[in-house]
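Reading through the structure tokens given below for one structure.
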4 protein chains.
Amino acid sequence: MARLRAALIGATGLAGQQFIAALKNHPSIELTGLAASPRSAGKTYAEALKTASGMTAWFVPEPLPAELAGMKVVAGDALEAKDYDLVFSAVEADVARELEPRLAKDIPVFSAASAFRYEDDVPLLIPPVNAAHAPLIREQQRRRGWKGFIVPIPNCTTTGLAVTLAPLVERFGVKAVLMTSLQAMSGAGRSPGVIGMDILDNVIPYIPKEEHKVEVETKKILGALRPAGDGLTPHDVRVSCTCTRVAVMEGHTESVFVSLDKKATVAEVTQALREWKGAELARNLPSAAPRWIEVLDDPFRPQPRLDRDTHGGMATTVGRIREDGVLENGFKYVLVSHNTKMGAARGAILVAELLLAQGLVG
Amino acid sequence: MARLRAALIGATGLAGQQFIAALKNHPSIELTGLAASPRSAGKTYAEALKTASGMTAWFVPEPLPAELAGMKVVAGDALEAKDYDLVFSAVEADVARELEPRLAKDIPVFSAASAFRYEDDVPLLIPPVNAAHAPLIREQQRRRGWKGFIVPIPNCTTTGLAVTLAPLVERFGVKAVLMTSLQAMSGAGRSPGVIGMDILDNVIPYIPKEEHKVEVETKKILGALRPAGDGLTPHDVRVSCTCTRVAVMEGHTESVFVSLDKKATVAEVTQALREWKGAELARNLPSAAPRWIEVLDDPFRPQPRLDRDTHGGMATTVGRIREDGVLENGFKYVLVSHNTKMGAARGAILVAELLLAQGLVG
Amino acid sequence: MARLRAALIGATGLAGQQFIAALKNHPSIELTGLAASPRSAGKTYAEALKTASGMTAWFVPEPLPAELAGMKVVAGDALEAKDYDLVFSAVEADVARELEPRLAKDIPVFSAASAFRYEDDVPLLIPPVNAAHAPLIREQQRRRGWKGFIVPIPNCTTTGLAVTLAPLVERFGVKAVLMTSLQAMSGAGRSPGVIGMDILDNVIPYIPKEEHKVEVETKKILGALRPAGDGLTPHDVRVSCTCTRVAVMEGHTESVFVSLDKKATVAEVTQALREWKGAELARNLPSAAPRWIEVLDDPFRPQPRLDRDTHGGMATTVGRIREDGVLENGFKYVLVSHNTKMGAARGAILVAELLLAQGLVG
Amino acid sequence: MARLRAALIGATGLAGQQFIAALKNHPSIELTGLAASPRSAGKTYAEALKTASGMTAWFVPEPLPAELAGMKVVAGDALEAKDYDLVFSAVEADVARELEPRLAKDIPVFSAASAFRYEDDVPLLIPPVNAAHAPLIREQQRRRGWKGFIVPIPNCTTTGLAVTLAPLVERFGVKAVLMTSLQAMSGAGRSPGVIGMDILDNVIPYIPKEEHKVEVETKKILGALRPAGDGLTPHDVRVSCTCTRVAVMEGHTESVFVSLDKKATVAEVTQALREWKGAELARNLPSAAPRWIEVLDDPFRPQPRLDRDTHGGMATTVGRIREDGVLENGFKYVLVSHNTKMGAARGAILVAELLLAQGLVG
């Protein structure tokens, strides 16, 4: 079967590079177009990455694929939907607001940007958690008169939290969550992202807008598609969080306190997390993890450097599951989630795979 | 006035060095004896710090005072109480259990070790918070037949938390606290403490025994001396926490969620913290901070590297005070407290100053 | 005596902040004017530091002096020489090229920028090393028709190297130097300076233009004023270096291999460094270190975190002096020099103090 | 073909774990025995890694192979040579001195320890560089009356240097080398290795014994087997170095200044490094890199985090090749070499593969 032709907008930034690394050797999707700012247009991708000082600004650990190094970059504005089956978007929110709707008229857009996350007819998909929200795309197409659609992925900090809450919601019900994140630098990108002098021997206790995103997105992701399929009813879980930045490259660590609807034991909570399989539709996708959650018994785990790459960065690792003693039916645990794999590029690709498997793409 | 003669046990370790740095030029206390393990006994202090490879194992930023470099080190066992007015103890808990009671028979022992923290007749003093517990020492002397006494300081992670809870308890009452700490490496000492390969590009989500200490000690510190003066009634605040280690040298950061007894506004909570003066008895001690809590308006603060040394490391800095939205009368904030100054050596010296001012020492 | 009135251009950047911290409580110089880009003009200094996200962009460890927080910032272009006795310049090289000559027409300009370092009539002063070059200022004034002058300080990487070479040149003569630097992040400033993701768990083996600066400046600094006083003859030492960046906040470490003109022993080299007093004129300046070089016997020293602040960051610490065995009369050693104190702001202030003492300022 | 049965001594330490990770799925060698200290004997390997606090002390990034987790560990003293075809040794030098000769009586021992590196009849093999030294093993067997032999690998800091010098020696001749290393923490192991508080925001300018090792080993590796095959004539290159430790996990960076015998251009030196194929015998070994040296044109490379894993950590990456201007026919460059892959476990396995291919093992 011919692979689907995908364009990538925002190809030169760190987020774009993560898409390129993640799509290397993908079985059903092929990157055939790279778009970036007008400054890069007309250059090969390798030339576009070259800085004035001679540096090749390629920052992901995987090597730059040779077949893309020589590909001509086009300006985002000049990208033609007819040449592609789908688009991945790694642009900033303000650019996304212009570019994504233009493309979505004709083809699906899978986006890491926050621009459309909070619109009524836009699902926020984490396939194992809420594949059931996918039909909302039909409503989006109907309302907007689009042949394509926009599906953003959640904020990277929301993803690990939502993945671990899903089995608890299913098994026990969840009333409230209090979370403190210790986030990696890669989430901030490189323009300039986190400055070295600010983070060495330090913690930065504030990430603008992040906490609000996590609070709103978690409720939306865990919500239910209304019977009419025309919108989502957010889950009534209350979420409060404090988001901090630490001197870690990749992998967000989150300290979670959760209040369940029902009494449970540590063993039952552990089992619920460990046995969770997630939505059936998501299990056999090419980028699916064999298990979405790995519970670690070693009390010193999870650690971001050791655990972020579990199952290719697609699993959320969990440890230190304990009773909380303060909240009603309270438990606490620590999770690590790879913010630029499951929480960004590879997460968006997983969504594309899901919709492809459901016949909504291609 | 002649200064009091103090001995230091555990003088060669990192905690001992912090006492030495903190007592340099102290107006009323003079270090006149240094004790360490038998291996060091008979050497000068500078010789005792010298390792096989030629390194002088002095690790605090302040220079080693010349007058101590040449002082002869004695074995802890050989220290004679009669030569001193008081003792500071920087030994490990197991050594403390042997050594401290022997000395406390005759003179006061101010200890950073956890060995006696949880005994009924032992107060856990943070002068601005609970100077009122000091009279429990009389009970301790009575029960044990000692002329001296043992006063341990709390765990360094407890200190900043208790300092910030104190004004909230006084003004609004506190029901419950959920806290996640991001702790500095210095709290683990250097034998070997935190290993470089374990903490670079990483977070370690577990510090053995730490969470239990914080939960128990916070209730004790915020409790009340029983009318008979023969013990403490712990505060009924419920405390739950997750303690993690990050790549920071000094200064513990804590993300706190707190449920108050009464409704309040962010402005009122901020004011309560900002205006808090602490116990009157503690205000004019030589090591007292001009304000025990500094509230910072910059949303990116407090940060451990920038704020740990506020008022000589004796102030707790607080920022990001917000409503929590989940807990009853819930608020959240971030604090930074210097774990080896207010949270260790200088905190113990402050306790000595308090008891000296009250006529309980010297 | 009234203190001299100094203006600071480039006041809001990191380098400017270092000048502010260094001039706090200066005995003979008072900051009475702050200039920055037009964007900051008209605001108070504290307002000018405030970013859109509410952060106060003050990055040096010393607190922002209250008396400057409320001072009105003027645009660099609008600064009037007649209101000041001297100017400190912390602007980038391109801005320096415009602004500094305009001010130098009337008053002395002490600059951290590289713009004028390589001009024939411009000395590059490190007071203990080459105070004898100061009279070149007269030539500069004559040629350019200025009442003031421009004196830049050397690149921060050059400073520590030149300080340690000076006693070797004086005692033994120096033929050649091969140096590898391990430089701190602060040298790169914060716009954006070194990006966190680039330096964590990493070394960056290239700092554009740095090596050339060190090679050229070292020869100029160690050179001799021509008898006519109309220029400098560079020293004929050959210098080759590789400059790298490491995850250190402040303090450049340099691994030096040096070939002397004459045979010497390690003891003689050590003694030459240890006993060096530097130019007599520089010894009693307010910012002078009691010793410009501190030789450490501990083989694990100097270390940037432990040694950078020796004598207020004005001393160069040296250790590991050994025979080299490869170069002719070869020796090797390691040095640490504070790149933003002796190597930048405080170094420039020291130059001002020197010229003030010589009657060339004020 | 049945795979050779290998035992590993020192299996529980970090170096041992690196052997285990590197031998996973090896085509011709199978780990069938694990030996460690008597304390671990009788436990399964997974049990032996478990610490008192519940941590599984497995520190390499690759997961612990399931088939080894359950294998019983034996005491090194109890290991029987007759059960194995060869031994890998990851013990400390003092243990190696006892254990390795006992085993070498019967079977080959490939060792990461320094114990036997400097003996006359012991080659120090880096297969692409000096495969020609392998026959010295016959002399060793003859002299000592052993059926097996000991082949240590060089110090990890020597390896990258020797690999890059080899093509220069072959093409131009090399007179002298001055090198400054910026070494990763993993080279120091974890007992305790580099302490976190010592290396954060710091450089440690001394690694005991390291410089002497590099100086002696480089000459031996680049030397020639004497015609009689009874010893090695060291190369007469003069080597001088300064070895430092930086906050990097893996990958040693070295700043090299080299003096060649003949005139050359940067282009010629670059070509010599880039085209070097190494000893023919080493080219097709299972662990061989497709190229032993990768020259990078980006001036900001090589960087340890980005380049250490080139070709599975078996290639040395080189950049910043420039004329030196000080040394006779002088050049300078920067290299990165993976200290625990090519420089340790995988390097020792490569040696075993070489001798296996030559019929000297099995």
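The values are calculated or read from the model by the stated rules, or taken from the named source; none is laboratory data. Just so you know, these numbers come straight off a predicted model, no measurement behind them. Neighbour counts run over all protein chains shown; Cβ positions are idealised from the backbone, glycine included. Ligands, DNA and RNA are excluded from the accessible area calculation, which covers all protein heavy atoms including side chains. Shrake-Rupley method; radii C 1.70, N 1.55, O 1.52, S 1.80 Å.
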- Of the residues in region D:189-213, how many are surrounded by fewer than 24 Cβ atoms within 10 Å (Cβ to Cβ), at the interface with chain B (Cβ under 8 Å from one of its Cβ atoms) and of a type in the set (Gly, Ala, Ser)? 1
- Query: When you go through D:VAL60, D:VAL91 one by one, which is the residue that is within 14 Å of another protein chain (Cβ to nearest Cβ), of a type in the set (A, V, I, L, M, F, W, C) and open to solvent by less than 40 Å² (accessible area, probe 1.4 Å)?
  - Reply: D:VAL60
- Are any residues in region C:284-298 at pLDDT 95 or above, away from chain D (no Cβ under 14 Å) and open to solvent by 20 Å² or more (accessible area, probe 1.4 Å), and if so, which ones? C:PRO286, C:ALA288, C:PRO290, C:ARG291, C:GLU294
- Query: Just wondering, is there one or more residues in region A:238-257 that are farther than 30 Å from A:PRO61 by Cα, in contact with a Lys or Arg (Cβ under 9 Å, 6 or more places away or on another chain) and open to solvent by 50 Å² or more (accessible area, probe 1.4 Å)?
  - Reply: yes
- Task: Scan region B:214-237 for residues that are within 14 Å of chain A (Cβ to nearest Cβ) and surrounded by 23 or more Cβ atoms within 10 Å (Cβ to Cβ) and jot them down.
- Result: B:VAL214, B:THR218
- Message: Considering only region B:24-33, I want to know if a residue exists there that is over 27 Å from C:ARG308 (Cβ atoms), of a type in the set (Asp, Glu) and not in a loop (DSSP other than H, G, I, E, B).
- Response: yes
- Any residue in region B:106-134 that's farther than 16 Å from B:THR218 by Cα: show its pairings with residues that are among the basic types (Lys, Arg) at Cβ separation under 6 Å, as long as the two are six or more apart or on different chains. B:ASP106/B:LYS147; B:ALA115/B:ARG97; B:ASP121/B:ARG143
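Every residue, every condition in (1) more than 18 Å from the chain's Cα centre (by Cα); (2) closer than 17 Å to A:THR157 by Cβ, yes or no:
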{"site": "A:HIS212", "(1), (2)": "no, yes"}
{"site": "A:LYS220", "(1), (2)": "no, yes"}
{"site": "A:CYS241", "(1), (2)": "yes, yes"}
{"site": "A:MET249", "(1), (2)": "no, yes"}
{"site": "A:ALA264", "(1), (2)": "yes, no"}
- Item | Count - residues of region B:139-155 that are surrounded by 19 or more Cβ atoms within 10 Å (Cβ to Cβ) and of a type outside the set (Gly, Ala, Ser) | 10
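Does any residue of region D:94-101 turn out to be crowded, with 19+ Cβ neighbours inside 10 Å and in contact (Cβ under 8 Å) with a residue 24 or more places away in the chain?
Looking for residues that are crowded, with 19+ Cβ neighbours inside 10 Å and in contact (Cβ under 8 Å) with a residue 24 or more places away in the chain, one finds at least one in region D:94-101, hence yes.
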- Query: Do the conditions hold for C:THR244, that is, is it closer than 30 Å to D:PRO304 by Cα, outside any loop (DSSP other than H, G, I, E, B) and either hydrophobic (A, V, I, L, M, F, W, C) or free of Cβ contacts under 8 Å to residues at least 40 places away in the same chain (or both)?
  - Reply: no
- Message: Could you go through region C:171-194 and let me know if any residue there is in contact (Cβ under 8 Å) with a residue 12 or more places away in the chain, in contact with a Gly (Cβ under 6 Å, 6 or more places away or on another chain) and small (Gly, Ala, Ser).
- Response: yes
- Scan region A:308-319 for residues that are closer than 20 Å to A:GLN271 by Cα and at the interface with another protein chain (Cβ under 10 Å from one of its Cβ atoms) and report the count. 2
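Could you pull out the residue among A:ARG301, A:ARG346, A:ARG322 that is within 14 Å of chain B (Cβ to nearest Cβ), open to solvent by 30 Å² or more (accessible area, probe 1.4 Å) and either touching a residue at least 40 places away in the same chain (Cβ under 8 Å) or not in a loop (DSSP other than H, G, I, E, B) (or both)? So that I can check it myself, show each step before the final result.
Values: A:ARG301 fails: either touching a residue at least 40 places away in the same chain (Cβ under 8 Å) or not in a loop (DSSP other than H, G, I, E, B) (or both); A:ARG346 fails: within 14 Å of chain B (Cβ to nearest Cβ).
From the options A:ARG301, A:ARG346, A:ARG322, the qualifying one is A:ARG322.
In region D:22-50, which residues are farther than 15 Å from D:MET71 by Cβ and open to solvent by less than 50 Å² (accessible area, probe 1.4 Å)?
Restricting attention to region D:22-50, the residues satisfying the condition of being farther than 15 Å from D:MET71 by Cβ are D:22, D:25-29, D:37-39.
Within region D:22-50, D:ALA22, D:HIS26, D:SER28, D:ILE29, D:SER37 qualify.
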- Which numbered condition A:SER240 fails, given (1) at the interface with chain C (Cβ under 10 Å from one of its Cβ atoms); (2) over 25 Å from A:GLY313 (Cα atoms); (3) of a type in the set (Ser, Thr, Tyr): (1)
- How many of the residues in region B:156-179 are open to solvent by less than 10 Å² (accessible area, probe 1.4 Å) and of a type outside the set (Gly, Ala, Ser)? 13
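Scanning region C:63-88 for residues that are among the acidic types (Asp, Glu) and part of a loop (DSSP other than H, G, I, E, B), which turns out surrounded by the most Cβ atoms within 10 Å (Cβ to Cβ)?
For region C:63-88, the residue satisfying everything is C:ASP85.
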- Task: Mind listing whichever residues of region C:325-340 are closer than 13 Å to C:LEU161 by Cβ, more than 8 Å from chain D (Cβ to nearest Cβ) and either aliphatic (A, V, I, L, M) or assigned to a loop (DSSP other than H, G, I, E, B) (or both)?
- Result: C:LEU335, C:VAL336, C:ASN339
- If B:SER114 satisfies every condition in (1) surrounded by fewer than 24 Cβ atoms within 10 Å (Cβ to Cβ); (2) more than 21 Å from B:GLN17 (Cα to Cα); (3) of a type outside the set (Phe, Trp, Tyr) but one, which is the exception? (2)
- Note on the structure: Looking across region C:265-282 at residues that are in a loop (DSSP other than H, G, I, E, B) and surrounded by 16 or more Cβ atoms within 10 Å (Cβ to Cβ), the single one that is farthest from the other protein chains (Cβ to nearest Cβ) is C:ALA279
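So, A:LYS262, is that one more than 14 Å from chain B (Cβ to nearest Cβ), open to solvent by 70 Å² or more (accessible area, probe 1.4 Å) and touching a Gly at 6+ places or on another chain (Cβ under 8 Å) or not?
yes
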